[in-house]
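Peer 1: Sharing a structure with you now.
The values are calculated or read from the model by the stated rules, or taken from the named source; none is laboratory data. Worth saying up front: this structure is predicted, and the values here are computed from it rather than measured. No Cβ is skipped: glycine too gets one built from the backbone with ideal geometry, and neighbour counts run over all protein chains shown. Calculation scope for accessible area: heavy atoms of the full protein, side chains included, ligands and nucleic acids excluded. Shrake-Rupley method; radii C 1.70, N 1.55, O 1.52, S 1.80 Å.
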Protein chains: 4
Amino acid sequence: MTNTNSHAPELLVHSWFNTEKPLLLAGLRGRVVVLVAFQVLCANSVAGGIPQAQRVYETFAPEDVAVIGLHATFEHHRAFNPAVLKAFIQEYRLRFPIALDQPNDAGPIPLTMERYAMRGTPSLVLIDRLGLVRKHAFGPVDDLRLGAEIGALTQVAAEAALPRSSAA
Amino acid sequence: MTNTNSHAPELLVHSWFNTEKPLLLAGLRGRVVVLVAFQVLCANSVAGGIPQAQRVYETFAPEDVAVIGLHATFEHHRAFNPAVLKAFIQEYRLRFPIALDQPNDAGPIPLTMERYAMRGTPSLVLIDRLGLVRKHAFGPVDDLRLGAEIGALTQVAAEAALPRSSAA
Amino acid sequence: MTNTNSHAPELLVHSWFNTEKPLLLAGLRGRVVVLVAFQVLCANSVAGGIPQAQRVYETFAPEDVAVIGLHATFEHHRAFNPAVLKAFIQEYRLRFPIALDQPNDAGPIPLTMERYAMRGTPSLVLIDRLGLVRKHAFGPVDDLRLGAEIGALTQVAAEAALPRSSAA
Amino acid sequence: MTNTNSHAPELLVHSWFNTEKPLLLAGLRGRVVVLVAFQVLCANSVAGGIPQAQRVYETFAPEDVAVIGLHATFEHHRAFNPAVLKAFIQEYRLRFPIALDQPNDAGPIPLTMERYAMRGTPSLVLIDRLGLVRKHAFGPVDDLRLGAEIGALTQVAAEAALPRSSAA
């Protein structure tokens, strides 16, 4: 896993859903980012990670918290194609931006999953307004605790979190 | 929907999973059959119909009750291929026999779904030991009521249900 | 516990709720009886046994299945009084007949609980149309299996279950 | 209801459970306080407010967040006595401090419930480190949102929240 308090690596994405233009973590600096890695055929993602991501998306103000789904297929490559993800997003009525992780020519683990050293799906990465990884969990995450962690991170003023452009 | 008390039409199947050889309803005469139509990308199937089918499979003796899953894709045809279903069965650890409904050259509704006039997924068809449809439901089915209906049908003696081969 | 297939002992009741007149198992012969012992301060009764009894009551026809709650306090005697049970029934909007078990001058276990040799609450006793105990469970009972057991017992014709009024 | 951002009125308590000595909100200044009003015979308290209070108690560090249960009986007075509450706490294995609201000689609403103008049970009052009411809710409260609100309030440094003892 990425170490907590390390800089969150940028996303490497094959294609995006639910967003008009590609997102970069760099462009979300100043917001807390909740990155939820999932897989459409993973039972724990479908029953846990995905609906939790949707709840986070519906609970927090978008100027404070950005939710990003990351579809990371590390097996069943023959089964998967982007149309499966598109249909899944439609059937589950997901509204938050979702990235299809960039396939890896060198192996089964796609590139973002690899650089975050995720152990599987669902995984949740919590990134603060400065772009630092503050939590990296594999498996179920408790709503109350997650809420507390996001709520605490949002309290750091956005201005304080942003690099000074050098007003001098 | 098929009418209750009508003869259950035979299944038309592209391919089978979790069974060594293809099943025919005709070959299950004498058993109660619980046929659960689902779709891997249908949220209500995944959260409701599929785990219920698995519970039925685990609750009743196989000589009394046969559970059959029917994967019936009537949309998202571009997204689907048999490898998706195979991966789904593996990920969700499903143990009961599952049929992939026969695609329909004449339209989007596959053949078994069409001849049962199913309204969508999940659908549940309950067939008695004689091969008659005794329930045909679209959407959520209550466990207690379903248990009662299956329990009642199993009480009809298997011998009584089977055609006499020739009492003469 | 009472042995399965033994005759269900008659209820010994301090007072009744949700019924105009006291009930006797003898008077329910010909019906399947689901007897659910509970305690208002028992977490598993409140979360499990009680709502399940209510579901059974709502699922089956009253001429086939009678549901009886039995409030059996074997501890917390100082805390309990009949007004607590009355308030509980009102707050939880229970509709099925509920008996307050007869206190026992000789010890903490009330009389019906004692003669059924119940191990605690919640307990569920399933009695067939003839008055025989067919299931006696302590703790959680699965809806699907319970439905199947009730459904099977209801299939025995009521007439067959009743004693002939004149064997002569 | 008490107005948000008003000073949280002190608790008026008949008796305490799960604490060696009585608590005062004044004595908890510097901590976030989650006050959960409930009633042992109220279905929504038992299924929702009480287990949520227990989860909050288990999730946050006691030096940051104090959880207090307030048993507020505004009806069923004949049914209730302190032994009922004691047995309930034992049966539900509650660990956090619980106050029995002070009965009101002038009417059915006990004194703390009255001065907070609570609408019923369950009610949740969130008090910040300075002793100000920051949330006052009647009915179900979402875990994710509650976590966020508590998490945000804990971020205000305890020192900043405490009155300076001598600004001189």
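Peer 1: Could you give the accessible area per residue of the protein assembly as shown, probe 1.4 Å, as a whole number in Å²?
Peer 2: 45
Peer 1: Near D:Lys21, which lysines are there with a Cα under 22 Å away, not counting those fewer than 8 places off in the same chain?
Peer 2: The reachable lysines, counting only those whose Cα sits under 22 Å from D:Lys21, are D:Lys86.
Peer 1: Given the protein chains as shown and a 1.4 Å probe, how many square angstrom of B:Glu58 are accessible, to the nearest 10?
Peer 2: Surface accessible to solvent at B:Glu58 totals approximately 120 Å².
Peer 1: For the protein assembly as shown, give the magnitude of the charge dipole about the Cα centre (Cβ charges: +1 Lys/Arg, -1 Asp/Glu; no others), in debye to the nearest 20.
Peer 2: 0
Peer 1: With +1 on the Cβ of every Lys and Arg and -1 on the Cβ of every Asp and Glu, and nothing else charged, how large is the dipole of the range A:40-151 about its Cα centre, in debye rounded to the nearest 20?
Peer 2: 80
Peer 1: I've got another one for you. DSSP beta bridges in the protein assembly as shown, what fraction antiparallel, as a percent rounded to 5?
Peer 2: Once the DSSP bridges in the protein assembly as shown are tallied, antiparallel ones form about 60 percent.
Peer 1: I would also like to ask the following. Could you work out the relative contact order of the range C:7-66? I mean the mean sequence separation of Cα pairs under 8 Å and 6+ apart, divided by the number of residues, in percent. Don't skip to the answer; put the middle values down first.
Peer 2: Numbers: 34 pairs, mean separation 19.6, N = 60.
Across the range C:7-66, relative contact order equals 33 percent.
Peer 1: With the cut-off at 1.5 for a/c, could you classify the protein assembly as shown from its C-alpha gyration tensor as rounded, prolate or oblate?
Peer 2: Oblate shape, in that a/c is at least 1.5 and b/c is the bigger or equal ratio.
Peer 1: Separate question: Report the percentage of all Cα-Cα pairs in the range C:1-137 whose separation exceeds 23 Å, rounded to a whole percent.
Peer 2: 25
Peer 1: Related question: Give the interface area between chains C and B as buried accessible surface, both sides summed, probe 1.4 Å, in Å² to the nearest 100. Mind dumping the intermediate values first?
Peer 2: Working: alone 8970 and 8940 Å², together 16700 Å².
Counting both chains, the buried surface is close to 1200 Å².
Peer 1: Please list, by residue number, every one of the trypsin sites (Lys or Arg not before Pro) in the range A:23-93 that is coil in DSSP and has at most 15 other beta-carbon atoms within 10 Å.
Peer 2: Those satisfying the criteria are A:Arg78, A:Arg93.
Peer 1: Something else now. Report the Rg/Rh value for the range B:58-168, based on alpha-carbon coordinates and the Kirkwood definition of Rh.
Peer 2: With Rh from the inverse mean 1/r over Cα pairs, Rg/Rh is 1.02.
Peer 1: Of all chymotrypsin sites (Phe, Trp or Tyr not before Pro) in the range B:78-145, which ones are in loop regions per DSSP and have a Cβ with at most 14 other Cβ atoms within 10 Å? Numbers along the way, then the final one.
Peer 2: Working: sites: B:Phe80, B:Phe88, B:Tyr92, B:Tyr116, B:Phe138; in loops: B:Phe80, B:Tyr92, B:Tyr116.
Sparse-neighbourhood loop chymotrypsin sites (Phe, Trp or Tyr not before Pro): none present.
Peer 1: Also, quick follow-up: Give me the residues in the range A:38-63 whose solvent-accessible area, probe 1.4 Å, is reduced by at least 50 Å² once all protein chains are included instead of the chain isolated.
Peer 2: At a threshold of 50 Å² (probe 1.4 Å), the residues of the range A:38-63 that become less exposed are A:Leu41, A:Thr59.
Peer 1: Now for a different question. Rounded to the nearest 10 Å², what accessible area does A:Trp16 show when all protein chains are kept and the probe is 1.4 Å?
Peer 2: Roughly 50 Å² of A:Trp16 is accessible to a 1.4 Å probe.
Peer 1: Could you work out the relative contact order of chain B, using alpha carbon pairs under 8 angstrom and six or more residues apart, expressed as a whole percent?
Peer 2: About 35 percent, as a whole number.
Peer 1: Please report, in Å, the Rg and the Dmax of the range C:19-76, where both are computed over Cα atoms only.
Peer 2: 12.4, 36
Peer 1: I've got another one for you. With springs connecting C-alpha atoms under 10 Å apart, model chain B as a Gaussian network and identify which of B:Ala117, B:Ala61, B:Ala37 has the largest mean-square fluctuation.
Peer 2: Top of the fluctuation ranking is B:Ala61.
Peer 1: Among the DSSP beta bridges whose two residues both lie in the range C:18-168, what percent are antiparallel, rounded to the nearest 5?
Peer 2: Expressed as a percentage, antiparallel bridges in the range C:18-168 total about 50.
Peer 1: To the nearest 500 deg cm²/dmol, what mean residue ellipticity at 222 nm is calculated for chain C from DSSP H runs of n ≥ 4 alone, each contributing -39,500 (n - 2.57), summed and divided by the residues?
Peer 2: My calculation for chain C gives -6500 deg cm²/dmol from helical runs alone.
Peer 1: Sticking with this structure for a sec: Measuring from label point to label point, each 7 Å out along Cα→Cβ, what is the A:Ser15 to D:Phe138 span in nm?
Peer 2: 5.1
Peer 1: May I pose another question? Over the range D:30-70, what percent of the accessible surface lies on carbon and sulfur atoms, probe 1.4 Å?
Peer 2: Exposed carbon and sulfur together represent 49 percent of the surface.
Peer 1: Here is a follow-up. How far is the Cα center of the range B:78-136 from the Cα center of the range A:24-72, in Å?
Peer 2: Between the Cα centre of the range B:78-136 and that of the range A:24-72, the gap is 32 Å.
Peer 1: In the range A:47-102, how does Rg compare with the Kirkwood Rh, expressed as the Rg/Rh ratio over alpha carbon atoms?
Peer 2: 1.00
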